[in-house]
Every structure is written in C-alpha cells, then in structure tokens.
Amino acid sequence: MPPAAIAVVRISGTCAGPALKRLAGRLPAPRRAVLADLRDGDGHALDRALLLWFPGPATATGEDLAELHLHGGRAVVAAVEAALAAMPGMRRAAAGEFTRRAFLNGRMDLAEAEGLADLLAAETESQRIQALAMVNGHVSRAVAEWQERLLGLMAPAEAELNFADEDDVEVGDIVAERLISGMGALAAELGQWLARPVAEVIAEGLSVVIAGPPNAGKSTLINALAQRELAIVSPIEGTTRDVIETPLALDGIAMRFSDTAGLRAEGADAIEAIGIDRAKQAVEGADILLWLGTPDAAPSHPRRVIVAAQADRWQGDAEAEAAAARCDLALSAATGAGMDVLHRRIVDIARTLLPREGEAALRERQRVALAEARDWLTIVRGSREASDLILLAERLRLAGAALDRITGRAGVEDMLDALFGRFCIGK
C-alpha cells in the first residue's frame, strides 16, 4: 500500500489496450518497458511512469494486460486510479480477481492457485518452500500422471465392453486381472501421498505444549523462548490458569508454543481446575510435548521431551541431579544454559512432521478428493465387482472425477469465491 518507492497498477481485459492508449497516447511494443508521460481525459499530467504491454492470451491472466509502474505516492496512485475509473468499461478489481481470471482462462489450475494464496501468506521458510512447490505445479503434475494411468487402465476395459468381437481385443479374466492389478498399484501410491504431513500443519504451525506440575518453570521457559514477558512468573502455585499461546518460528518452521496450568490432583480451586482440564486437552492435541516434571509422572505422548528445568536451582543437589539424569535434557531458562540443546531437539522432531525435500503436502480439500479416488480404486479380489468390467470401468471413471476436483476441472464452483477472496486486490 502507498506510500512506496514504486506502485504497480495492473489492468486486465479487453479495455487494457485502449486504457493504455488514452493515458500514454500510444501502445508500447509488447513486453518492453517504456517511459511515458501519463495524462487524464482532460490532458492534465498524472505522472511519468514505466509502461508494460502484454497482449493476450500469453499473459498472467490469459487476457490483454497492461502494467503502470508509478511513483508510489498516495496522491499519484489515487489520480491514476481516478482517471482509469472514468473510462468506459473500467472498474476496480475485486480481491483475487486477477488470479481468478488466470484460473478461468486456463493459465493455472486450482491447486496452483491455492499454492499462490499460501505463498502470499507465507511467513516462515517452510511455508514458503511448501507453497512454492504447489505454485510450481508439483501436485498438478502428479495428478496429470495419475490421470494418464487411469486412461491407460480404462482403454482395455472400454475395448472389451464395446469391441469384444474384434480379433485383436483381449477379453475375459485377463482384462479384469490387469485392471485390478493396475488399480491396486495406483491406490497404493495415492495412499503414500495421503500418509504425508498435511499442509495445514505447515501453514498454522506445529503445536508445542509445555506442561508439568505447578512451579516447574513452564512460564519462565515460554518467556525465554518468546524472548519477552508473555506469561506471569510467580512462586505461587496456580499462577497460570489458562493456556497461553504464542506463535514462534524455529529454524524457519512455524510453531505455536503453549504454556499451560500446572497439573496437580489436589489443592486447585474451581478456576484453576478449569485451567488444568484445558492443559490436559492441550497435551492430548500437541504435536510435540515438553514435559517439565519427573519422568514417572509424564503423560504418554509419541513426541515427548522430558526436561529437567530450573537447573540453576538444583545443581549440587545429589537427589535432584539423579532425577535429572533420567530426563532427556536439562536446562535453565533463567540463565540460558541448555536452551540451545532444547532448540535443536524441538527442530529435529518438527522436521519429522514436515514433508521431506521434494515432497508436497496436501490441503484438506485435496486430501478428501485424493482419499475418494483411492477408495474407488480399492477392489477386493474375488469379490463380485472384481469380475465385472462395467463396475470396474465405473470405478475408474469416478476415481478420475475425484482427481479432477484437485486441479479444478470439475465441481469447484462452490468454493471459488472463498479461495480467491483470500487474495489482495492486486492479485
């Protein structure tokens, strides 16, 4: 938003060329930046700007497209927008309209458009990498390959159903067996994609919950991680009575750290008891659990790190040191000792929850469609369906329709407004 060094005004559609001529008095050579004076309908000077002209359909939107690179002051931009608005057929773009036109004109598919939305919202390195893979067509290419394989499976089925009397057409159990084998292999591959981490984990951040008994150093730890006084620190038990959450990025990975009420069985008042219940719920939903307490009292969790906290207080105490030796690591949030070890441990665990290099994670909408395609391709050998080519062919068709929804070839009108509404006006 202005003010800025440069403001880019984009015009798309059949009126783009005439609008550029009226502002600059000429149409520049395609795809070459030209310096020109811009004037409104009354001949008043607006700005000296760089102009770019992109005739369709080989443009970002698939239509004629012009760009004005203006000086970025608010008054300049407002004057140019007013001059454009006064021209017949011109109106201000809605949020995401340029990208929506690109989708409708076949310049990108739905998966790529969703990736672009995520790229614009990316705040961490892992979010950027994941969104860029989607924008660059990682998922779209996979879907195209799966569709090709489906067509290859459909061909012999259709051949027998429609041309069984021809001499060069295979018939009978041979075709059905090949179909079932091919469908099973494709279903297994789709299952591997569904087993990958979900895209929402990358976008929203991994949940890292700090839990333990009262006065275990939980609030001090989250303050040290956030590098600010996020939670109140007090020697009084029950000071933290609710889940306090803060977003943080460790090594480019988005995370949501939560400080929770101290877990104890007795002595809590009614309000603290509510906080304890919420703490237990947070522990159950955590991607990573940092337990600041004795190992014997630690909740069961697949990604648990047992932390001997407050090392500055118990060092030299033989009993405390023996208990700490049973923990995964020891630290002092107050002095910073051991914080780098905890940092590395959290990041190492987090990387196991993220897609590996070269992999793309699927959004919930895409996962639902992919799971449906996998289910249509899953056949029980020996069942009645396994020997019925008509039913097998129908399953292949339905699997293809489910895959089409990932890239937006079918059944997406009801969610387009919600998707493109996430974009800013300039996209």
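The values are calculated or read from the model by the stated rules, or taken from the named source; none is laboratory data. Quick caveat: nothing in here was measured; it's all calculated off a predicted structure. Note: accessible area is taken over every heavy atom of the protein model, side chains too, but ligands, DNA and RNA are not part of it. Shrake-Rupley method; radii C 1.70, N 1.55, O 1.52, S 1.80 Å.
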Open item on the list: Whole-Hz ³J(HN,Hα) for each residue in the range 2-19, computed from phi via Karplus 6.51 cos²θ - 1.76 cosθ + 1.60 with θ = phi - 60°, x for glycine and proline: what do you get?
Closed with: x, x, 7, 5, 9, 10, 9, 10, 10, 10, 9, x, 5, 8, 4, x, x, 5
Open item on the list: If amide hydrogens are placed 1.01 Å from N in the peptide plane, which non-local residues have theirs closer than 5 Å to the one on ALA308?
Closed with: ASP328, LEU329, ALA330, LEU331
Open item on the list: Just to make sure I understand: if all protein chains stay in place, what is the order of ARG92, ARG196 by accessible area at 1.4 Å, largest first?
Closed with: ARG92, ARG196
TODO: State whether the range 1-94 is rounded, prolate or oblate according to the following rule on the C-alpha gyration tensor (a ≥ b ≥ c being the square roots of its eigenvalues): a/c under 1.5 gives rounded; otherwise a/b larger than b/c gives prolate, and the remaining case gives oblate.
DONE: rounded
- [ ] Compute the accessible area per residue over the range 29-83, keeping the other protein chains in place, probe 1.4 Å, unit Å².
- [x] 50
Open item on the list: Could you put PHE257, PHE103, PHE54 in order of accessible surface area, largest first, with the 1.4 Å probe and the full protein assembly present?
Closed with: PHE54, PHE103, PHE257
Open item on the list: Within the range 68-144, what whole-number % of the accessible surface is contributed by carbon and sulfur, with the 1.4 Å probe and all protein chains included in the calculation?
Closed with: 57
